[in-house]
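Please read the structure below before turning to the comments.
The values are calculated or read from the model by the stated rules, or taken from the named source; none is laboratory data. Keep in mind the model is a prediction, meaning the values are calculated, not measured. Neighbour counts run over all protein chains shown; Cβ positions are idealised from the backbone, glycine included.
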Amino acid sequence: MLVTATATRGSSERSVERRHIGQGAWQGRPDDRHLPSSLHTPYGSHSDPDPSTSPSRAHTSHQIHTRSRARTKGGRDEAMSIVHLQSVEILNAEARFEDAYIFKITFECISPLQDDIEWRLVYVGSAGDEKYDQELDNCMVGPVPVGVNSFEFEAAAPSPSKIPPEDLLGVTVILLTASYRDQEFIRVGYYVNNAYESEELRENPPEVVDLTKVRRSVLVAKPRVTRFNIKWDDAPTAPSQPEPMPVQ
């Protein structure tokens with residue numbers, strides 16, 4: 001499938017080809033000890049989510065500032081990242097469990113890239129075992145012109161048959177990642193709560209989960225973001241340790 005992303009710089013526009021290649025109500029605060037280790041990386045700038053605050057509307061966006069900086073010996077900041085993620089908007093943060101995830105992603109490219117950028121969405125099926133992780137979809141975006149680029153990324157809902165029955169309901173995680181030449185340079189993690197719509201079913205759930213009556217809620221207000229230094233085109237190898245990134 002071929003999708004078009006729009007790149008803008010000032011008043012000009014260009015087209016960029018994108019080759020598509022717990023249980024019960026969400027109550028209290030999730031215990032990080034029972035959440036995937038992918039959200040526990042010490043390198044990211046993390047803000048603890050408050051699940052009592054659910055998205056107030058379907059179209060919810062947040063700004064992510066990813067200016068990559070490396071401190072030189074003289075104390076000056078030297079920009080290292082070529083791609084700066086500006087915003088991620090989840091167009092259907094509140095939806096049925098079986099609905100696709102739809103993202104609108106905006107990023108800035110400050111220098112020409114020789115290859116495409118790969119975007120992936122992963123659903124963590126079980127916090128206890130990575131074998132239940134599902135890659136919901138991936139796409140290659142490119143060629144990427146210099147300037148601000150925006151595109152929509154749609155990924156199908158996870159396959160219930162690949163999720164342990166005891167993990168179909170409750171809090172889990174989705175991970176949006178971007179890589180260049182097989183090097184991951186950004187990871188955005190969101191908490192997702194799957195719960196029955198009605199209070200009656202939440203209090204007295206059936207023995208077999210009825211996903212037709214389950215809704216998901218993505219906590220878009222407080223993503224956990226990790227940036228990794230990588231080697232870009234004709235650039236020296238970046239430090240092996242990723243650096244913290246502020247999130248607003």
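Numerical summary
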| quantity | calculated |
| --- | --- |
| Residue within segment 88-95 that is surrounded by fewer than 18 Cβ atoms within 10 Å (Cβ to Cβ) and over 19 Å from the mean Cα position of the chain (by Cα) present | no |
| Filter result for R187 (within 17 Å of A93 (Cβ to Cβ) and of a type in the set (D, E, K, R)) | no |
| Selection count, segment 196-212, where residues are part of a loop (DSSP other than H, G, I, E, B) and farther than 14 Å from A95 by Cα | 8 |
| Subset of segment 102-124 that is hydroxyl-bearing (S, T, Y) and surrounded by 15 or more Cβ atoms within 10 Å (Cβ to Cβ) - its residue that is farthest from P158 (Cα to Cα) | T106 |
| Cβ pairs under 8 Å, 6+ apart, first in segment 158-184 and within 18 Å of K131 (Cα to Cα), second assigned to a helix (DSSP H, G or I) and modelled with pLDDT of 95 or more | P160/L211; K162/Y132; I163/Y132; P164/Y132; D167/Y132; L168/P160; L168/L211 |
| Considering residues of segment 176-195 that are among the charged types (D, E, K, R) and in a strand (DSSP E or B) only, the residue surrounded by the most Cβ atoms within 10 Å (Cβ to Cβ) | R187 |
| Meets criteria (touching a helix residue (DSSP H, G or I) at 6+ places or on another chain (Cβ under 8 Å), farther than 30 Å from D115 by Cβ, of a type outside the set (A, V, I, L, M) and modelled with pLDDT of 50 or more) for K213 | yes |
| Flag if A127 is buried (at least 19 other Cβ atoms within 10 Å of the Cβ), of a type in the set (G, A, S) and in contact with a strand residue (DSSP E or B) (Cβ under 8 Å, 6 or more places away or on another chain) | yes |
